[in-house]
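The block underneath contains the structure these notes are about, expressed in C-alpha cells.
Each value in this text was obtained by applying a stated rule to the coordinates, not by laboratory testing. Keep in mind that this is a model prediction, so the values were computed, not measured. Neighbour counts run over all protein chains shown; Cβ positions are idealised from the backbone, glycine included.
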Amino acid sequence: MTSLADLNQNIQTAARRALADGRAEVVFGYRQGTAPFTAAPHFARTPEDCGQFVWTSFARVNLAAYLPKYPGKVALIARGCEARSAVGQVVESQFPRENLYVIGVGCQGMVDPEAVLAREKRPIREVTEDLTTINLAGDGWTASLPKAEVLRRNCKTCVCRTPKDLADEMLGGDAPPLPADDFADLKALAAKPPQEKMAYFKGLVKDCLRCYACRQACPLCYCPVCFVDETRPQWLGKSNDAMDTFTFHLLRAFHCAGRCTSCGACEAACPMDIKLREFNRLLEEEVQKDWQFVPGASWDQKPPLTTYRPDDEADFIK
Amino acid sequence: MAEYTVKDKLSFLKAAAGSGRRLLAPSSKDGRVRLAEVTPDRVAFDYLNTHLSPKDAFFPQTEKMLAFHKDAAKPGAFVYQPLGLDKIQPTVVFGLRPCDARGLAVCDRVFQNDRFTDPYWKTKYEGAVKIGLACQAPGPNCFCTAVGGSPFGEDGLDVLAFTKGEGLGLKTLTPAGDEFLKGLSGLESGGAAGEMDGLKKAAESRLPGPLDLAKAQAAPVMEIYNQPHWKETADRCLNCGTCTFFCPTCHCFDIQDEENERGGVRMRNWDTCMSWLYTIHGSGHNPRPTKTERVRQRFMHKLKYIPLKQGGACGCVGCGRCVQHCPVNIDIRAVAVDMSK
Amino acid sequence: MSDFEPRIVAFFCNWCTYGAADLAGVSRLDYPPNFRVVRLPCTGRLNPKYIIEAFKRGADGVWVSGCHPGDCHYIAGNYHARRKFVLLHHMIEAVGVEPGRLHFSWISSAEATKFQEVAREVVEKVRASGPNQSFRKAELDLGLAEVA
Amino acid sequence: MHNPYLPYPVRIAMIRVETEDKNLRTFKFEFLNPGDEEKFAYLPGQFAELSVPGQGEIPIGIASSPTEKGSVLFTVNRVGQVSTFMHCMKEGDIMGLRGPLGHPYPLDTLKGKDILIIAGGFAVTTLRSTIVWMLQPENRPKYGKITFVYGARTPGLLLYKEEWSDWQKRDDIDVHVTVDREAPGWTGRVGFVPAITKEVCPPPKNTAAIICGPPVMIKFTQPVLEEAGYSTDDIIMSLENRMKCGLGICGRCNVGPEYVCKDGPVFTLTQLNQLPKEY
C-alpha cells in the first residue's frame, strides 16, 4: 500500500463490488467527519454512496454495533476489532453469518484525540492523515505526529491488527503485530491493599455522568432492556451516586466478560474520557487465564460463560 | 450602562470574591476546565470553553428537591418538605462564554415559563451575577455566529468582560451588573467600549456565517417533521445522549424518589430524550418507539420548537460541544441544512 | 470491633444448602444467626447484580451456596454458576472488596455439619473484615431538621 | 416563592374498588392543612400529580367536580410502581397531591352548545367530573342537550355505576352505556363506542364533542364524528403522555412544541392535526 488515497480507492471499489455482486445491500464503513478528530459511520446503498468511504483513524465506534437485528445483507469494512465483534454477533445469534460479508482492512490503530491534545496545546483547526502520520494545522502553523505515538490505549495491545483469518476479503497490507496486553499494571495493582484498589477503581469513574454512551457504543450491549433501565425492581438509582455509578461499571464489565474484543469504542465514546476498559481488562485477564478464550477469534466457539467443563477449577469454593 | 477597565485580572477576581458572593469560575482539574467554586488565583483564562456546559451551576445533574421522614412520633411524618432552597448562596459567576450565557437564558425561559416558576432554578439563576468572558480566539468547533450569537454576545449576561493585556475591559449590561461592579474597588471608569467593537469584529470574522434557518422556522411543524432526512441521520445515531448531557440548553430531567427506613428524598436528575425510557408509558406504549423519532425530537426541539415557543430564539447556541463529542459525528449544522432544504 | 455483628445475605439453592440449613436446625446444630437467606431455585439463577445489590444496600458479607458439582437438580445449573463465580470472585476482590466478604460453598442437603462449619467460618471472616463502609451506597441524607 | 414541586399533604379518606378485576380503585383525599383545598382550585379536565412519599408521583385526571366540596377523587389503574403501591395503601394513610395541573375542558367556550361526551374504559374520570359539574343546577342552564356515551369491555369494568345509573333516570342528560359483548345480567346496550356514537350523536350544528378513551377507541370514533359533520374545532380530546414535573419544564411530555402537561392535556382536533402523533 503506497498511500491513504490508494487505500480509500480500494475500499470504495470493494464496497461497490460487494453491492454489485449482491453480497450486500448495504456497506458499513466511515466517511470524513465534519470537525477535527471526527469520522461519521457511513451506510452505503448505492455505488455513488460508496464514493464517500474513507479509511480513518478517528472512528469512535465499532461498526459491528449496528449489526444486531439489522435487516438485510451487510458488508462490513472492518478493522480487526470490528471483525472480531462481528464474529461475536454471529456466535451470539444476533446476526446471521450468511448475511454478513467482511471486508477486512489491516489497521495501524486508531488515534486518541486526548493523546494528541496532550502533546499539542495550540488550538487545532484541521486534522488530516496519511498512512502512518496525522497532520495538524492551526492558526499559521502545521505539525505532524506519527500515529504510533498517539494511539488509543486499546490499540497499543491489539492482537488482531490484520483480520486475515476472519475476513471474506482483505484490503491493505498487513499491519505489523503488536505484543498483547500483559496486564502488568493490573497485576501490580492486585498486590496492593483493598483500600487502594477500591480508591483506584472508584477514582476512575468519579466523573461519570451516567450518560451510558459507553453502553450504547458497545457492540456487546444489545440487550433490549439494560439492567440500569429496569424499573421493577429498579436496581440502580438514577442520581450521580458514586456506588450506583460504580455498580453500573462493574456489572457492565461482567456482562462483557469473555465477549469483549477490546475495540475501545466505550472509551472513545466516553465524553469524560474515563478509562472504562480497566474494568473489562480485569475480567479479560481472568478469562484468558482460566479458559484460554479469545473473544471473536472463531466462528463457532461459544463464549466461556455460556458453556462449562465439569472439571473447571474453582478452589475458592468451600 | 457603564464601562470599566482593570489593570490586573487577579485583583479584580479577588475583589469579586471579597464581595460576599461565592465565586464560580472556570478552573482546571485533572486536565479539564470546569466551572467550580474557586479561589481567585486558580481561575483559568486560557480555555476555549468549559468541558461541561455551565448549566450544572444552576441545574445540577442531581438535585435534591424535597424530603420527608417516617417518624410518626414527630410532626410531619410522610409529608414532603422543600430541601436546599434556604441554603442557596448568592454567587458571582465569572468567565461564562457568551454562547453558554445565551443557552442559560434559553433554559431560564423554560424554568420560568408562562405558567410556572421553578424555585430551585430561579433562586440560583437570579441570585447570580453573571460575568461573561468574550471569546477573542474562538475554537475550531465554535459556531455561535451561525445561530445568531456572537463571541462578544450579551444575552443572559450582567457584565461582559474581555482580556486587555494583563487586565480586563468590562461592560455592564444590566442593573444587577452595574450594582455589582459599583461595589468593587480597583476599577477605572471607561476605556472599554471603543476597543470592544474592533475585537468583536475580529473575532466574528473567524467564525462561520449564519445558517439559513428561516425556511425551517417559517414552515409548519408537520412539514419539517415529515422530511425524509431524519431516518438517514438517525441510522448512525447510537442514542447515547452525550449531546444532551453536554448541551447548554438541554434541560430535561427525571424526578426520582429514594427512601430508607427513616425517610425519603425526592430528587431530580438530568435525563435525555435519546433514551427509550424517557417517553414510555406505564402501559408499554412508547410515543417515540425508535431512534428516528428520538433524534428528530432533539433537533426539532432545538431548531424548531424552542424558536416557536421563545419568540424566535434558537435552541442551539453554537457552543460546538455536541459536534466535538458525538461519537458518530451527527453535526447539528448539517441537520439544520437538511431541515432548510 | 468486638460488638460488631455482621449482616450477611445468603443465597441458597433450594435443593441442597437450604435443606442443609433446615437439617442443621432440626439436628440442633448451633450456628450463628447473622445471615438472612434468599432461597434460589438453583445457583445458576444467581444474577451477579443480586450480590452487588446486597453489598450496595449495606450487607457486610454475601454467601452463596449450592449443590456439589455434578449434583445439580437441573443437571448443569451449578456448572454454569461456577464460571460466573470465578469471574465475580476475582472481580470483587480485584476492585478492592476485602477478600473475607464474599463466600461460596457447595453443601448438599445431607451435610448439616458442613453447613454448621461453613456458616461459622463465613460469619467469622466477615466479622474480621469489619463493617462494610466502602462497597455500599452512602446513607441517604434526608437533610431535615426533624431527623438530624 | 411558591414551590410547585411541593405536594399538599392529604389523607386517604376512602378507597373503593371500582372494577371486577380489582385493577381500578377510587381514592378520596382530604387535605391535611386547612386552606389547601382553596389553593387547590380546579376545574373539570385538569389533573394532579399523586405523590406517594418514597415511591414517586403519577399524573392522574381529577375525577371529582369542584362542586363536590371537602374532598378530591381520583381513580387509579394499577400499572406501575407508584400505582401498585397506592393499591396497597390503607384509608388514613398520608400522601401528597400536587396541582391542579394542565388546562380544563373549555367550559366557557362550550356555553350555549349541545354537548356530546364520549368515554371509553377508565378514561371516564375527568368526564365524570365534567358531567357532575354541568349537571349542577347553577351550571346546567348554560349548556344545551347533553349526550353521554360510555363503553367498556364488560359490565364489570364500568366505573361509577351508581352515578350513571342515577343520571339515566334524569331527563336533562341522555346516557348510553354500552359493553363490547353480551354478558350475563347485562340488559343495556351492546356494541363498540364508535357504533353507538354513530347511532346517538346529535346533529353537528352547535354541538361539541369531548372524547376520552383508549387510542383504539379514539381512532375509530374520530372518523364517525367527522363523517357526521363535526368540525375539528368542536372535537375536544384529552391526551396523556409520560410526565414528571407537570409544569412544562422536564420535557418528556412534549408533543411537537406543546407540553401535554402545561399546554394540554386538553386539545381540539384542529390543534392535534398540526402536531406529531407522539402520544
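Taking a ≥ b ≥ c as the square roots of the eigenvalues of the alpha carbon gyration tensor, the range A:1-117 is oblate, as a/c is not under 1.5 and a/b does not beat b/c.
When +1 charges are put on Lys and Arg Cβ atoms and -1 charges on Asp and Glu Cβ atoms, the dipole computed for the range A:85-206 relative to its Cα centre reaches about 680 debye. Once C-alpha pairs closer than 8 Å and six or more residues apart are averaged by separation and normalised to the residue number of chain B, the relative contact order reads 21 percent. Using a ≥ b ≥ c from the Cα gyration tensor of the range D:114-238 (square roots of the eigenvalues), is it rounded, prolate or oblate, where a/c under 1.5 gives rounded and otherwise the larger of a/b and b/c decides, a/b for prolate? Note, shape of the range D:114-238 comes out oblate.
A full extension of the chain between B:Asp86 and B:Lys201 corresponds to an added length of 37.0 nm, given 0.36 nm per residue minus the alpha carbon distance. GNM on chain D, C-alpha springs below 10 Å: top fluctuator among D:Ser71, D:Ser238, D:Ser165? Greatest mean-square fluctuation among the candidates belongs to D:Ser165.
Basic side chains Lys and Arg get +1 at the Cβ, acidic Asp and Glu get -1 at the Cβ, and with that the dipole of the range B:214-339 about its Cα centre reaches some 400 debye. Sorted on the mean count of surrounding Cβ atoms within 10 Å across their residues, most packed first, peptides C:40-51, D:214-225 read C:40-51, D:214-225.
In terms of packing, defined here as the mean over residues of other Cβ atoms within 10 angstrom, the peptides B:328-340, D:77-89 line up highest first as B:328-340, D:77-89.
In order along the range C:125-134, phi translates into HN-Hα couplings of 5, 5, 4, 5, 6, x, x, 6, 10, 9 Hz, rounded to whole numbers, per the Karplus curve 6.51 cos²θ - 1.76 cosθ + 1.60 with θ = phi - 60° and x for Gly and Pro. Connecting C-alpha atoms closer than 10 Å in a GNM of chain B, tell me which of B:Lys215, B:Lys87, B:Lys122 has the biggest fluctuation. Top of the fluctuation ranking is B:Lys87.
Per-residue mean of foreign Cβ neighbours for A:275-284 is 2 (Cβ atoms of other chains, 10 Å radius). Considering only beta bridges that DSSP places wholly inside chain A, some 65 percent are antiparallel. Counted over all Cα-Cα pairs of the range B:221-341, pairs farther apart than 16 Å make up 65 percent. Within the set of other residues whose C-beta is less than 13 Å from the C-beta of D:Arg78, count the net charge using Lys and Arg as +1 and Asp and Glu as -1. Local net charge: +1.
Per-residue shielding of B:113-123, expressed as the average number of other chain Cβ atoms within 10 Å of the residue Cβ, stands at 5.
Per-residue 3J(HN,Hα) values for the range B:137-150, derived from phi via the Karplus relation 6.51 cos²θ - 1.76 cosθ + 1.60 with θ = phi - 60°, read 9, x, x, x, 9, 6, 8, 4, 5, 6, 10, x, x, 8 Hz in sequence order (x marks Gly and Pro). Around the amide H of B:Cys250, modelled in the peptide plane, lies no amide H under 5 Å away from a residue 5 or more places distant or on another chain. Remark: relative contact order (the range B:214-339) = 30 percent; criterion is Cα-Cα distance under 8 angstrom and separation of 6 or more residues. Each peptide in A:206-213, B:11-18 receives the mean, over its residues, of other Cβ atoms within 10 Å, and ordering these scores from highest gives A:206-213, B:11-18.
Rounded, prolate or oblate, given the Cα gyration tensor of the range C:12-124, with a/c below 1.5 counting as rounded? Here the range C:12-124 falls in the oblate category. Of the residues C:Thr113, C:Leu29, C:Gly77, the one whose Cα sits farthest towards the positive end of the charge dipole of chain C is C:Gly77 (charges of +1 on Lys and Arg Cβ, -1 on Asp and Glu Cβ, taken about the Cα centre).
About its Cα centre, the dipole of the range B:3-205 is roughly 540 debye, where the only charges are +1 on Lys and Arg Cβ and -1 on Asp and Glu Cβ.
Is there a simple number for the mean count of other chain Cβ atoms within 10 Å of the Cβ of residues in B:241-249, and what is it?
Working: counts 7, 10, 3, 2, 7, 4, 0, 0, 0.
Per residue, the average neighbour count from other chains is 4.
For the range A:68-78, backbone phi angles converted through the Karplus equation (6.51, -1.76, 1.60; θ = phi - 60°) give residue-by-residue couplings of x, 6, 5, x, x, 8, 10, 9, 10, 7, 10 Hz, Gly and Pro being listed as x. Computed across the protein assembly as shown, the Kirkwood hydrodynamic radius from all distinct Cα-Cα pairs reaches 32.5 Å.
What is the calculated FRET efficiency for A:Lys187 to D:Ser71, with r their C-beta to C-beta distance and R₀ = 56 Å, to the nearest 0.05?
Step by step, r from the Cβ atoms, then E = 0.25.
With bins 5 Å wide beginning at 0, the percent of Cα pairs of chain D falling in each bin runs 1, 6, 12, 17, 19, 18, 14, 9, 4, 1, 0, 0.
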